[in-house]
Structures are given as structure tokens and as C-alpha cells.
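Working notes, beginning with the structure itself.
The values are calculated or read from the model by the stated rules, or taken from the named source; none is laboratory data. What you are looking at is a predicted structure, and each value in this text was computed from that prediction instead of being measured. Don't worry about glycine lacking a Cβ; one is built from the backbone with ideal geometry, like all the others, and counts go over all protein chains shown.
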Amino acid sequence: MEIKSILVHLDGSPRSAVRLHIAHQLAREHDSARVTALFAVEPQPMPVPVSVPDGPVPTVLVPKQVAPEQRARARAIFDAALAEHGPPLVWHEVQGDLPAWGIAQAALYADLLVLGQYDPNHLPTYDVPKDLVESVIVDSGRPALVIPHTGMFDSLGRNTLVAWKPSRETARAVSGAMPLLKRADRVQVVAWGKDSFAPAETTFGIDRYLAWHGVEAKAHRYPEPATELGEILLSHVADESADLLVMGCYSHSRLRELVLGGVTRTVLKSMTVPVLMAH
């Protein structure tokens, strides 16, 4: 698949500028793909003072709405990127919906999403739900590039680590990452346990699949499933100086709230490089 459309989430935080810059750069590298900047935050009830003659001034809460200054910050980030005269860049807003649902709906028309890791120290005024990233990935089924809440990433995908598991989620992540893998200088694949479909001439099936797409990968399979796999993956990323991790996004339940698999939860919490995920 080629990347022809990129959807990037803006919330008015300073990290929105980083995400938009990365999306714009990816668009340049992939034949001027169209970039849609989607402003989406959770509306909040706004206190409004009420005038009462000869008495204290009470406040009431009006229906939820987005703070104008928040939208203004996001729009300023967009306008600065627009001034760069790069690939096509358009502005859209989620109107009247919860941000995760609105982004997931818009994602159905994008080849790649660019989202931001939740920052536990972010200002509450940015109004981004804690589970936005995983909710969007699970609900949309689209590949998403998740950008850490700290750090700059001018080089992305040149040295890529693929965490392979013979599953739907990982297969979708690899397929979504293929345009980036084809441009990488180095691709490494790590896996644990047995492969359910390993041709005799390869270490395991993903070797041959990547080779069919012109991606030369160095693969290593560990014979036994690992415990604390999330921490091990992040250690591999650091040891190999990888600038992109590709993996599946796993969840166990959506009955009341998203319950993530342990590896997904660990990586989303402690990631230090961008992670391309799919469900």
C-alpha cells in the first residue's frame, strides 16, 4: 500500500506541532501525500457568571464546549505548518463528538494516523482522554504512528525494529508500515516462540513476506516466549538504536473501558521512539 493520505491529531498542546511536522515530513517522502490536521478535544462545561441584583455573583455551567483559546493554539500550529508550502495540508475539526470516536471515524479515510502518546503531566486544559490512542487504533483498525510525548524525531524509520507475532494485529501493523520499511536503511525482526507457518527455507514466515516486498530484514527468533516482553522490546529498541518500532496493538476487553494487553500497555506508557501500531 502507498501512503496517499495522512491524518494527524491536533489538540492545541505544544506536541501537536511535533506531530504535524512529522506528518508533513512523511508526506514529502511519500509523493506529497495529503495531510489532514484534525482538531479534536473533549468539550468541557464552561462556567459563566450570572448577574444577581444585590447579592453574590453565582456561576452556572453551560453545555460542554471547546475553549476558544485551545482551538486558537491548534490553529496557530496548523497555520505555521501551512506557511511551509509543503504537501497538501487541510484543517478539519471534530464537531460535537467525543474525540476518540471522531478521530476513529475520520481515520477510515486515511492510510496512516499520527497520534500522540498520552502525557501524564499534560495540562488538563488540553482535554485529551487518557485512552485516546488505544481507543482510536482499536475502533478504526487503521495503522497509527504514535509519537512519544517528549523528544524530537527528525530521523524516523531509517533503523526499524519489527516485533513479530503471527497474529492479525501484527500482520496489519507490518502491512501499514510497509511503505516505511521499503525506505528503511535497516530492518530487524524479533520474535519469541514458535511460528505457526514457517517455510522450510526461512527462519520464519515473515522473512519471506518482507523479501517479496523488497525489504531485506535481519531476523532473530527466540525459542521460548518471554515474560516482561514490553520491557524487553524497549531494551531492544535502545540496544539497536532503532528509531521506529512496529508492533500489534492488543486489547482484552471493551465492556466498560479498554483493557490492554501487557506488552501494548507497557510500550504505550514507556515508549522512547515512535511506534507504528495496528489492531
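Restricting attention to segment 99-111, does a residue exist that is surrounded by 15 or more Cβ atoms within 10 Å (Cβ to Cβ), aliphatic (A, V, I, L, M) and touching a Phe, Trp or Tyr at 6+ places or on another chain (Cβ under 8 Å)? Checked segment 99-111: no residue is surrounded by 15 or more Cβ atoms within 10 Å (Cβ to Cβ), aliphatic (A, V, I, L, M) and touching a Phe, Trp or Tyr at 6+ places or on another chain (Cβ under 8 Å).
Mind listing just one residue for me: the one in segment 114-147 that is closer than 20 Å to His24 by Cβ and touching a Pro at 6+ places or on another chain (Cβ under 7 Å) and, of those, surrounded by the fewest Cβ atoms within 10 Å (Cβ to Cβ)? For segment 114-147, the residue satisfying everything is Gln117. Look at (1) at pLDDT below 90; (2) under 24 Å from Ala17 (Cα atoms) and you find that Val133 fails only one, number (1). Quick one: count up the residues across segment 213-234 that are out of contact with any Gly (no Cβ under 8 Å at 6 or more places or on another chain) and in a helix (DSSP H, G or I). Within segment 213-234, residues that are out of contact with any Gly (no Cβ under 8 Å at 6 or more places or on another chain) and in a helix (DSSP H, G or I) number 4.
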